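Read through the structure below, which is laid out as structure tokens, and then see the notes.
Since every read-out is calculated from the coordinates, none of them should be taken as a lab result. If you're wondering where the values come from, they're calculated on a predicted model, not measured in any experiment. We place every Cβ from the backbone using ideal geometry, glycine too, and count neighbours over all the protein chains shown.
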Amino acid sequence: MSLLIGDVAPDFEAETTEGRIRFHDWAGKDWVIFFSHPADFTPVCTTELGYTAKLKGELSRRGTKALVISVDTLESHRAWIGDIEETQGAAVNFPIIADPEKKIATLYNMIHPGADAKVTVRAVYIVDPDKKIRASIIYPPSTGRNFDEILRLLDSLQLTDGYKVATPVNWKDGEDVIIAPSLQDFAEMQRLFPKGYKTVKPYLRLTPQPNKA
């Protein structure tokens, strides 16, 4: 199954380190960063999950929850959490799904046999409050993810949902954004972007980020 941007994220029930959940109910009205890691007791994953725990405040500020999955057992997850907390200096504060039968990993296309048929690749799905998949990133098992980029992507999605803008190359929160080319009414642009804008080309118009003071 191939999941595309705009698709509804498949619902499922699963056992996690924080009890049994039904995904859509657990997500509620929040955004979700749902990501897989190849295996417990592995070095890259240990650093990733420790870093995710440290992002609790940043995610909460964005109305976002983290959800993690691998094809290991619940007992393995619980044993590994101790190592994460000891080595990374952060308490694991999100559920880790146990998926030893690979049902959910298969549902979300997280197993790529050409890379390794026994483990999940480092997949990331950003799911919005309507349970729509808004972005996905796939890393090989050997490469740790850039969580600064994941937060940047989340910021862009939330910003562009609220305003008729897009974010340019290498954009970071607080920088200028691009007015949507579909917006052509001068009066409406003045109303929507009272800080003004700069026309570089008729299709490339820059304005200060509208949700910043």
Once you put a point 7 Å from the Cα of LYS201 and another 7 Å from the Cα of ILE5, both along the Cβ direction, what distance in nm separates them? 2.0
Could you give the nm distance between label points at ASP161 and HIS24, where each point is 7 Å from its Cα heading toward the beta carbon? 1.7
Loop trypsin sites (Lys or Arg not before Pro), the stretch 160-212, which have at most 12 other Cβ atoms in a 10 Å radius of their Cβ (DSSP): LYS172, LYS195, LYS212
Looking at the chain, what % of its DSSP beta bridges pair antiparallel, to the nearest 5? 70
Those trypsin sites (Lys or Arg not before Pro) in the stretch 1-49 that DSSP places in a loop and that have at most 13 other beta carbons within 10 Å: LYS29
Helix-only CD estimate at 222 nm, as mean residue ellipticity for the chain, using -39500 (n - 2.57) per DSSP H run (n ≥ 4): -9000 deg cm²/dmol
Per the rule of 0.36 nm per residue minus the C-alpha distance, extending ASN170 to LYS102 adds in nm 20.9 nm
In terms of the charge dipole of the chain, which places +1 on Lys and Arg and -1 on Asp and Glu at the beta carbon, the residue among TRP171, TYR139, SER76 farthest towards the positive end is TRP171
Taking the Cα-to-Cβ direction at ARG61 and at PHE41 and moving 7 Å from each Cα, how far apart do the two end points lie in nm? 3.7
So the FRET efficiency between ALA180 and ALA135, C-beta based with R0 = 22 Å and rounded to 0.05, is 0.75
Once exposed loop GluC sites (Glu not before Pro) are cut out (DSSP; at most 15 other Cβ, 10 Å), longest piece of the chain: 19-100
Pick from ASP30, ASP40, ASP148 the residue whose mean-square fluctuation is largest in a GNM of the chain, springs joining Cα atoms under 10 Å. ASP148
Any lysines whose Cα falls less than 16 Å from that of LYS103, other than same-chain ones fewer than 8 residues away, would be LYS118
Rounded to one decimal in Å, the inverse mean reciprocal Cα-Cα distance for the chain, i.e. its Kirkwood radius, is 18.7
Among GLN190, GLN158, GLN88, which one shows the highest mean-square fluctuation when the chain is modelled as a Gaussian network with alpha-carbon springs under 10 Å? GLN190
